[in-house]
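Scroll down for the structure; my scribbles are underneath it.
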Amino acid sequence: MIRALSSRVAKWMEQEGVISQEDKELFSYAIYSLLFGLLPIFIVTLLGFAFGMLREGLLMITPFMLIRKFSGGYHLNSSKLCVTLSTALLALTMGLIKLIVQEGYIKFLTVLVSLSVMCLCSFSPVENSARKLTEKESWLFHKLTCIFSVASLLVYFVLYETVRVQYSAAFGVGILLVTGLQLFGIINSLITKGKNCYLF
């Protein structure tokens with residue numbers, strides 16, 4: 001659906017004389033990347049309305065989108081499967097926020113968030129097979145991940161001290177979500193390497 005919409009927009013831009021025919025594919029890909037990148041916000045907004053947790057959802061997705069872009073981790077090859085599983089995962093994380101608030105696990109969450117930031121600064125970026133980083137990109141992505149992770153941790157502590165617990169919990173769960181996907185990516189990479197070693 002997103003790919004079809006991107007193609008239609010690029011075709012319309014070509015017909016209007018905004019872009020040339022040669023640039024149509026490039027613009028189509030750029031529009032697709034933009035829309036796909038904004039998809040988590042759209043999904044969280046829908047889930048937020050459904051669960052009555054719009055503010056919590058938007059707070060959760062903020063550190064996720066900031067850090068995930070540079071930290072790397074597990075990625076699916078199929079965009080349809082990615083959207084389906086992402087929706088399910090985001091719904092589960094909203095349930096996790098409610099559980100943390102109801103059961104009073106905020107102090108335990110604080111410990112996990114602190115450990116998560118340490119992991120992100122230690123292991124980032126985690127590459128995937130679809131996108132190999134140059135040495136310069138790897139260095140830059142590591143620095144940006146550390147900056148955004150530490151900044152997010154500071155924001156978490158400010159929220160912890162100043163606002164209602166569900167908002168700090170939501171922000172903290174967003175950080176945990178990035179770390180979880182990163183660790184899953186590391187494990188997947190080790191398993192893949194292990195299989196390759198076994199085959200040869």
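The values are calculated or read from the model by the stated rules, or taken from the named source; none is laboratory data. All of these numbers come straight from a predicted model, not from anything done at the bench. We place every Cβ from the backbone using ideal geometry, glycine too, and count neighbours over all the protein chains shown.
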I147 passes all but one of (1) of a type outside the set (G, A, S); (2) surrounded by fewer than 18 Cβ atoms within 10 Å (Cβ to Cβ); (3) touching a Gly at 6+ places or on another chain (Cβ under 8 Å); which number fails?
-> (3)
Quick one: is F157 modelled with pLDDT of 95 or more, assigned to a helix (DSSP H, G or I), in contact with a helix residue (DSSP H, G or I) (Cβ under 9 Å, 6 or more places away or on another chain) and over 19 Å from F70 (Cβ atoms)?
-> yes
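So, L115, is that one modelled with pLDDT of 95 or more, exposed (fewer than 13 other Cβ atoms within 10 Å of the Cβ) and either assigned to a helix (DSSP H, G or I) or among the hydroxyl-bearing types (S, T, Y) (or both) or not?
Working: modelled with pLDDT of 95 or more: yes; exposed (fewer than 13 other Cβ atoms within 10 Å of the Cβ): yes; either assigned to a helix (DSSP H, G or I) or among the hydroxyl-bearing types (S, T, Y) (or both): yes.
For L115, the condition - modelled with pLDDT of 95 or more, exposed (fewer than 13 other Cβ atoms within 10 Å of the Cβ) and either assigned to a helix (DSSP H, G or I) or among the hydroxyl-bearing types (S, T, Y) (or both) - is met.
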Search result, residues across the stretch 90-112 that are exposed (fewer than 14 other Cβ atoms within 10 Å of the Cβ) and on the phi < 0 side of the Ramachandran plot = L92, G95, L99, Q102, E103, K107, F108, V111
If you go through L81, L85, L133, L190, the only one that is modelled with pLDDT under 85, outside any helix (DSSP H, G or I) and not charged (D, E, K, R) is L133
Regarding F108, is this residue among the aromatic types (F, W, Y) and under 12 Å from G172 (Cβ atoms)?
-> yes
